[in-house]
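K.L.:
Attaching a single structure in structure tokens format; questions to follow.
The values are calculated or read from the model by the stated rules, or taken from the named source; none is laboratory data. These numbers come from a predicted model, not from an experiment. For neighbour counting, all protein chains shown are included, and Cβ atoms are generated from backbone atoms with ideal geometry for every residue, glycine included.
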Amino acid sequence: MKKIELTAGTVEYEDAGGPGPVVVFVHGVTIDHTVWRHVVKDLVPEYRCITPLLPLGAHRIPMRPDADLSLRSMGLLIGEFLEKLDLTDVTVVQNDWGGVQVLIANGDSGRIGSLVLTPCEAFDNYPPGLSGAGLTAAAAIPGGLALLMQGLRFTALRRAPGSWGWMSKRPVPKSVMDGWFGPATTDKRIRRDLRKYGRSAPPKETLLNWANRNSSFGKPVTILWAPEDKLMPREHGRRLNEVYPNSRLKEIDDSYTLMPEDRPDAIIAAVRELVDTGTPT
């Protein structure tokens, strides 16, 4: 993987290269860039696909000890990443986490040319569901994250209802999940980084204010939402469609939150349509 120095520290990323339109993929908390493997495989080499490994708990290089890893700062980190790579007219594809909305509300999103939002945090749903609440609780208790990560070594907890088992309808391969959970299981510095993020959610009033500010983003937005999702409410897809002035909502069956795992075909089709036509699917 390539590396880039950002304000928070060294961030790894994969860059497929090539002259085609740039597509940057954003993953969620305790998940790494490999969640996009099925989507990227189909889009390369027609598109230049870039998958950063963000410091959200599955990263392998600890951030600086004094790094601000709050929700707001992590959203701004996306903008810094695009700027440092000098990327423009980027199509950003997001899943699970809501960092792109945070960037639009608080920073410079001028390098983003279009968005594909798959099931993700929105409005005041930070962190989402029982798994999000469990992560927040663990981050607040001394030793809590270490205990949680040790438990996630076992398939039974990974696939348990209310745990990461509600993230995808189809089991994620063990080797992939080992890569997701390994860094925070073995490195207390990664847990330190995750703890900073896990304790940083602002009040709901602030979150809702940030959500409303997204109405200023007038570029094309495709929203792919999963009616069966157990973590991201169905009505949030419809509300997001109302927030963005140039958006279109498409509901995708047979998927939970991790649509890149459950329905990569739907994301691939949406990216192609949006990038090639400039019009939401």
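K.L.:
Is it the case, given these coordinates, that Thr185 is at negative phi, in contact (Cβ under 8 Å) with a residue 24 or more places away in the chain, of a type in the set (Ser, Thr, Tyr) and surrounded by fewer than 20 Cβ atoms within 10 Å (Cβ to Cβ)?
P.N.:
Working: at negative phi: yes; in contact (Cβ under 8 Å) with a residue 24 or more places away in the chain: yes; of a type in the set (Ser, Thr, Tyr): yes; surrounded by fewer than 20 Cβ atoms within 10 Å (Cβ to Cβ): yes.
Yes; evaluated as a whole, the condition is true for this residue.
K.L.:
Any residue in the stretch 77-98 that is at pLDDT below 85 and under 29 Å from Gly218 (Cα atoms)?
P.N.:
Step one: of the stretch 77-98, the residues at pLDDT below 85 are none.
No, the stretch 77-98 contains no residue that is at pLDDT below 85 and under 29 Å from Gly218 (Cα atoms).
K.L.:
Let me ask something additional. Among the residues of the stretch 170-185, write down those that are touching a Lys or Arg at 6+ places or on another chain (Cβ under 9 Å) and assigned to a loop (DSSP other than H, G, I, E, B).
P.N.:
Hits for the stretch 170-185 are Pro171, Val172.
K.L.:
Can you tell me how many residues within the stretch 226-255 are surrounded by fewer than 24 Cβ atoms within 10 Å (Cβ to Cβ) and touching a helix residue (DSSP H, G or I) at 6+ places or on another chain (Cβ under 6 Å)?
P.N.:
7
K.L.:
Continuing with this model, one more query. Among the residues in the stretch 74-92, are any in contact (Cβ under 8 Å) with a residue 12 or more places away in the chain, assigned to a strand (DSSP E or B), at negative phi and under 15 Å from the mean Cα position of the chain (by Cα)? Full working, then the answer.
P.N.:
So the first thing to find is which residues in the stretch 74-92 are in contact (Cβ under 8 Å) with a residue 12 or more places away in the chain, and the list is 74-85, 87-92.
Checking which are assigned to a strand (DSSP E or B) leaves us with 90-92.
With at negative phi added as a condition, the list becomes 90-92.
From what's left, under 15 Å from the mean Cα position of the chain (by Cα): 91-92.
Yes, there is a match, as at least one residue in the stretch 74-92 is in contact (Cβ under 8 Å) with a residue 12 or more places away in the chain, assigned to a strand (DSSP E or B), at negative phi and under 15 Å from the mean Cα position of the chain (by Cα).
K.L.:
While we're on this one: For the structure I just gave you, tell me whether Ile50 is β-branched (Val, Ile, Thr), surrounded by fewer than 19 Cβ atoms within 10 Å (Cβ to Cβ) and touching a residue at least 24 places away in the same chain (Cβ under 8 Å). Break it down stepwise before answering.
P.N.:
Values: β-branched (Val, Ile, Thr): yes; surrounded by fewer than 19 Cβ atoms within 10 Å (Cβ to Cβ): no; touching a residue at least 24 places away in the same chain (Cβ under 8 Å): yes.
No: the conditions fail for Ile50.
K.L.:
Further, regarding this structure: Restricting the stretch 151-166 to residues that are surrounded by 13 or more Cβ atoms within 10 Å (Cβ to Cβ) and not in a helix (DSSP H, G or I), which is nearest to the chain's Cα centre (by Cα)? Break it down stepwise before answering.
P.N.:
At the first step, the residues of the stretch 151-166 found to be surrounded by 13 or more Cβ atoms within 10 Å (Cβ to Cβ) are 151-153, 157-160, 162-166.
Checking the rest, the ones that are also not in a helix (DSSP H, G or I) come to 152-153, 159-160, 162-163.
On the way: Leu152: 20, Arg153: 22, Arg159: 20, Ala160: 22, Gly162: 19, Ser163: 17 Å.
My answer is Ser163.
K.L.:
Let me ask another. Mind checking which strands (runs of 3 or more DSSP E) fall wholly inside the stretch 1-61 and carry at least 3 residues that are over 24 Å from Tyr126 (Cα atoms) and not aromatic (Phe, Trp, Tyr)? Reasoning before the result, please.
P.N.:
Working: elements: 2-6, 9-15, 22-26, 48-53.
Qualifying strands (runs of 3 or more DSSP E): 2-6, 9-15, 48-53.
K.L.:
Identify, please: which residue in the stretch 76-124 is of a type outside the set (Gly, Ala, Ser) and touching a His at 6+ places or on another chain (Cβ under 8 Å) and is, among those, surrounded by the fewest Cβ atoms within 10 Å (Cβ to Cβ)?
P.N.:
Taking the stretch 76-124 as the starting set, the residues that turn out to be of a type outside the set (Gly, Ala, Ser) are 76-78, 80-97, 100-104, 106, 108, 111-112, 115-121, 123-124.
Adding the requirement that they be touching a His at 6+ places or on another chain (Cβ under 8 Å) leaves 95-97, 123.
On the way: Asn95: 24, Asp96: 25, Trp97: 25, Phe123: 19.
The extreme case among them is Phe123.
K.L.:
Val102 fails exactly one of the following numbered conditions: (1) part of a loop (DSSP other than H, G, I, E, B); (2) out of contact with any strand residue (DSSP E or B) (no Cβ under 9 Å at 6 or more places or on another chain); (3) among the β-branched types (Val, Ile, Thr); (4) on the phi < 0 side of the Ramachandran plot. What is the number of that condition?
P.N.:
Failing condition for Val102: (1).
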